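These notes are about the structure you will find just below.
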Amino acid sequence: MIRRIGLQNFKVYKNQEFTLEDGSTAIVGPNGSGKTSILEAIEFGFFRMVTRKEKKVPQVEDLIHHKGKRAIVELEFVAPINRRNYFVKRTIHPGETNAELFLVGNKDPEETGVTRVDNKIVELIGLNRHAFSALTYVRQGEIDRLSRLAPKSRRADLYSMMGLGIYDKQSSKVQKEIRQMDKDSQNISESIKRLKQVQDHLPEKKEIDAALKALDSIEESIIKKQIQEVIQKVSDSVIAVEEQLASPELSTKPEELKEETEIAKHLKVLLNTIPDVAENQLRPHIRREARMIFREIFGDRYSDLVIDDDYEIALYDLKGNRVSLMAASGGEDVCVNFALRVAVNTALQRHSTTGPPPGLIILDEPGAGLDAQRRRWLPEAITKLDVVNQVLVVTHMEELKGSTDHVISLIPQGKGRQPIVEVD
Ligand SMILES: Nc1ncnc2c1ncn2[C@@H]1O[C@H](COP(=O)(O)OP(=O)(O)OP(=O)(O)O)[C@@H](O)[C@H]1O
Ligand SMILES: [Mg+2]
């Protein structure tokens with residue numbers, strides 16, 4: 001899915017290109033050599049931000065090489081939506097970023113300007129940054145994220161993995177509109193009430209006419225003129241109140257608002273239902289896949305992994321005893337998480353109605369905390385991920401180095417210098 005990454009003055013990289021292939025690629029090198037930086041460049045290229053410890057890095061200019069004026073990230077990728085090759089170029093200047101998106105081979109950009117490029121990329125890859133984090137990019141130290149979450153947040157995470165988070169967002173938007181319409185409607189009712197009270201205190205039109213007629217018989221005088229003026233003012237007020245009450249703002253708006261509120265309420269119900277329907281369809285597949293993968297890894301110790309309707313996860317030991325995820329060991333946790341992510345990816349790849357996910361999995365140090373047996377299993381499991389076209393895995397694990405299709409080795413050159421890159 002990702003074909004090429006070009007970096008200029010991005011963190012430790014002065015000027016470096018990486019060509020990536022389908023299949024599995026291990027990125028290896030000592031601490032601080034620039035492994036995670038490559039993954040951050042991918043995230044930045046797609047979403048104009050970098051996440052660390054579950055938070056956005058507040059200032060992207062920190063990504064500019066200490067000695068550089070601006071950083072450039074170029075990312076070439078195949079869009080799952082149409083299988084065409086695109087190329088995004090983002091420049092970071094202190095205080096601002098620029099972006100351009102090209103179809104590979106075209107001189108003129110498809111989109112320019114950060115927001116337009118951001119939106120177009122989400123459309124092309126079918127993921128926003130939340131779904132990307134949940135489905136595709138497992139950050140360093142976050143492999144156990146899914147199991148650490150409360151079931152409710154786990155459900156939200158899985159929803160965003162399935163691309164269903166968008167409905168939640170729309171639903172909150174509609175709810176906000178409903179509240180505003182209720183408020184408007186209340187304001188209008190109050191205005192009508194107030195105007196009617198005023199009207200009660202004013203004379204009717206025929207009373208004014210009668211008063212004016214009565215004045216006819218009086219001789220012209222200053223007093224008569226003053227009375228006429230007063231009556232005229234009262235008459236103006238009567239007309240003004242009537243006009244206001246008959247204005248579209250007060251006469252037809254309440255009906256319109258009522259109708260719009262009804263529609264919005266229906267829409268909200270619909271928006272809440274769609275993800276449930278989609279999720280209901282996918283859930284059995286996710287459960288089946290997760291259970292299959294987990295049994296493959298931990299068949300020697302566990303008989304089952306069960307995800308219930310509330311996304312509570314439980315393991316069953318060989319004697320059929322339930323072991324809560326809280327009681328599972330660190331390594332078991334890693335495997336449950338791995339199984340879950342792969343399961344969602346696989347289920348989506350095979351059964352998604354909203355289009356396939358990008359077929360890319362990025363793992364930063366997934367093996368931390370695994371014992372020798374599991375460490376042997378993990379590389380095999382990763383290379384066997386046939387539904388995922390491209391796996392990028394950052395690792396210190398010796399076991400992994402020999403078992404991926406490709407290896408990118410980073411050899412540090414000392415402080416402030418970019419590493420030597422060897423591709424195998
Ligand atoms: N703006 C910058 N300019 C130059 N170097 C930077 C900048 N920001 C960070 N670095 C350096 O980049 C190096 C690479 O960091 P990175 O996170 O990619 O390492 P890593 O290979 O993933 O290491 P680990 O194995 O410890 O996770 C770090 O040593 C860091 O000090
Ligand atoms: Mg790292």
Checklist entry - Which links in K14/K107; K120/K183; K56/K401; K56/K89; K193/K233; K89/K152 stretch past 28 Å when you go from one Cα to the other? => result K120/K183; K56/K401; K89/K152
Next on the checklist: At 1.4 Å probe radius, can you tell me the per residue accessible area of the chain in Å²?
Outcome noted: 53 Å²
Item to check | Pair N106, D308: separation of 7 Å Cα→Cβ label points (nm) | outcome: 5.2 nm
Checklist entry - Separation between the T115 and R288 pseudo-spin-labels, each 7 Å from Cα along Cα→Cβ, expressed in nm? => result 4.5 nm
Checklist entry - Taking 1 over the mean of 1/r across every pair of different Cα atoms in the range 1-86, what Kirkwood radius in Å do you get? => result 13.8 Å
Checklist entry - Suppose R0 equals 56 Å; then what is the FRET efficiency for N280 and E207 from their Cβ-Cβ distance, rounded to the nearest 0.05? => result 0.25
Checklist entry - Considering only protein heavy atoms and a 1.4 Å probe, what is the carbon-and-sulfur percentage of the accessible area of the range 69-189? => result 45 percent
Item to check | Residue among G163, I121, I143 farthest towards the positive dipole end of the range 104-241, charges placed on Cβ | outcome: I143
Checklist outcome for this item: Here the Cα Rg-to-2.2 N^0.38 Å ratio for the chain is 1.49
Item to check | S251-E296 pseudo-label distance in nm [points 7 Å out on the Cα-to-Cβ vector] | outcome: 7.2 nm
Next on the checklist: 5 Å is the cut-off here: which amide hydrogens, built 1.01 Å from N in the peptide plane, fall below it relative to E365, excluding neighbours closer than 5 in sequence?
Outcome noted: V394, T395
Checklist outcome for this item: Surrounding charge for T51, neighbours by C-beta under 11 angstrom, Lys/Arg +1, Asp/Glu -1, total +2
Item to check | Debye, to nearest 20: dipole size of the chain, +1 on Lys, Arg Cβ, -1 on Asp, Glu Cβ | outcome: 1400 debye
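The values are calculated or read from the model by the stated rules, or taken from the named source; none is laboratory data. Keep in mind that this is a model prediction, so the values were computed, not measured. No Cβ is skipped: glycine too gets one built from the backbone with ideal geometry, and neighbour counts run over all protein chains shown. Just the protein is used for accessible areas: all its heavy atoms, side chains included, with ligands, DNA and RNA removed. Shrake-Rupley method; radii C 1.70, N 1.55, O 1.52, S 1.80 Å.
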